[in-house]
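First up is the structure itself, then whatever we jot down about it.
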Amino acid sequence: MTVPLIQKMKRGGEKIVMVTCYDYSFARLIDEAGVDIVLVGDSLGMVIQGQKSTLPVTLEEMIYHSRCVARGLTRPLLVTDMPFMSYQSSQGEAIKNAGRLLKEGKAESIKLEGGVEVADLIHRMNRIGIPVMGHIGLQPQSFHKYGGYKIQGKTPQEERHLLEDALAVQEAGCWSVVLEGVPVDVAQKITGRLKIPTVGIGCGPSCDGQVLVLYDLLGMNPDFNPRFLKRYANLAEVVTESVSLFRQEVKDQRFPTEEHGVRRNVIDATLKIRQRNASGT
């Protein structure tokens with residue numbers, strides 16, 4: 001998948017599927033499932049690290065996880081979040097950090113939060129060949145400003161500001177934009193006004209695509225149950241039951257059995273084959 005192909009999907013009315021992932025093993029499975037975009041989100045701070053927000057996540061951590069995910073992908077477009085304070089201090093620093101995500105993290109696009117206030121930065125990145133995905137509405141990196149993770153666009157004034165942000169990032173050169181925590185009717189209006197694809201989370205069915213965190217859709221955290229989430233599995237239960245069974249079998253001396261051990265004659269045969277191959281006989 002490429003940026004032009006994904007933009008073509010909007011024009012053709014085909015829905016876009018994006019999944020947030022953080023490691024190689026899951027990336028391989030997502031790749032086989034045929035999704036269009038894989039996002040390495042700074043949400044790893046909460047999902048993987050157990051932090052209370054995304055703010056502590058560093059650029060080095062994003063590069064590391066992006067590189068791991070990239071190794072598992074063959075088809076989807078890889079997008080990586082720019083973490084908090086990796087793009088807010090200066091344009092020069094932001095471009096340098098975005099370049100590192102592409103060069104070292106193997107990302108094919110970066111994603112950053114903000115609207116009108118980051119339009120100039122998006123424009124400059126776009127001009128020098130760094131693809132940018134926007135992110136407006138509920139912006140997790142600004143949760144202190146909002147006083148929490150709150151729905152955006154509930155009042156006419158907020159709705160107007162959201163549309164201004166959406167048009168600003170489109171004009172600046174974003175190839176797509178994530179809408180998070182926006183009322184269904186507002187998301188529908190924004191999607192209808194934009195030429196670039198919208199990918200929604202918690203915004204209803206009208207967006208051009210949808211994104212969920214892999215751990216959430218697999219039901220890895222039973223305590224996380226927001227309204228926007230649909231669980232497609234209950235892996236929390238599967239993992240707990242599987243590990244409990246392993247523990248009990250070890251305690252009861254039912255695992256391992258002889259069939260789970262390597263026998264000496266097998267080792268000797270393997271060594272002889274290696275020696276024969278090395279000698280060319």
From the list GLY34, GLY92, GLY72, GLY45, which one is of a type in the set (Gly, Ala, Ser) and within 15 Å of TYR215 (Cα to Cα)? GLY45
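Would you mind finding the one in ILE122, ILE110, ILE95 that is in contact with a Ser or Thr (Cβ under 8 Å, 6 or more places away or on another chain) and of a type in the set (Val, Ile, Thr)?
Values: ILE122 fails: in contact with a Ser or Thr (Cβ under 8 Å, 6 or more places away or on another chain); ILE95 fails: in contact with a Ser or Thr (Cβ under 8 Å, 6 or more places away or on another chain).
ILE110 is the lone residue from the list that is in contact with a Ser or Thr (Cβ under 8 Å, 6 or more places away or on another chain) and of a type in the set (Val, Ile, Thr).
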Return yes or no: is GLY134 open to solvent by less than 10 Å² (accessible area, probe 1.4 Å) and either touching a strand residue (DSSP E or B) at 6+ places or on another chain (Cβ under 8 Å) or part of a loop (DSSP other than H, G, I, E, B) (or both)? yes
With the requirement that a residue be assigned to a helix (DSSP H, G or I) and open to solvent by less than 30 Å² (accessible area, probe 1.4 Å), what does region 199-216 give you? LEU214, ASP216
What's the number of the condition GLN139 fails, among (1) open to solvent by less than 30 Å² (accessible area, probe 1.4 Å); (2) of a type in the set (S, T, N, Q); (3) free of Cβ contacts under 8 Å to residues at least 24 places away in the same chain? (3)
I'd like to check something: does region 91-109 contain any residue that is closer than 20 Å to GLY45 by Cα, open to solvent by 10 Å² or more (accessible area, probe 1.4 Å) and modelled with pLDDT under 95? no
Determine the pairs where a residue that is farther than 21 Å from LEU77 by Cα, located within region 109-130, has a partner that is crowded, with 23+ Cβ neighbours inside 10 Å and of a type in the set (Ser, Thr, Tyr) with Cβ atoms under 9 Å apart, the partner being 6 or more residues away or on another chain. GLY114/TYR87; VAL118/TYR87; LEU121/TYR87
Scanning for something in a helix (DSSP H, G or I), modelled with pLDDT of 95 or more and open to solvent by 70 Å² or more (accessible area, probe 1.4 Å), does region 217-234 turn up at least one residue? no
Regarding VAL178, is this residue crowded, with 16+ Cβ neighbours inside 10 Å and under 30 Å from MET46 (Cα atoms)? yes
Within the bounds of region 257-276, is there any residue that is among the charged types (D, E, K, R), surrounded by 10 or more Cβ atoms within 10 Å (Cβ to Cβ) and not in a helix (DSSP H, G or I)? yes
Out of all the residues in region 139-147, is one or more of a type outside the set (Phe, Trp, Tyr) and touching a helix residue (DSSP H, G or I) at 6+ places or on another chain (Cβ under 9 Å)? yes
Quick check, is ILE196 in a loop (DSSP other than H, G, I, E, B), modelled with pLDDT of 95 or more, in contact with a Gly (Cβ under 9 Å, 6 or more places away or on another chain) and over 22 Å from VAL57 (Cβ atoms)? yes
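The values are calculated or read from the model by the stated rules, or taken from the named source; none is laboratory data. Here the structure is a predicted model, which is why all the values come from computation and not from measurement. Reconstructed Cβ throughout: ideal geometry from the backbone, glycine too, with neighbour counts over all protein chains shown. Quick note on the areas: whole protein, heavy atoms, side chains included, nothing else; ligands and nucleic acids left out. Shrake-Rupley method; radii C 1.70, N 1.55, O 1.52, S 1.80 Å.
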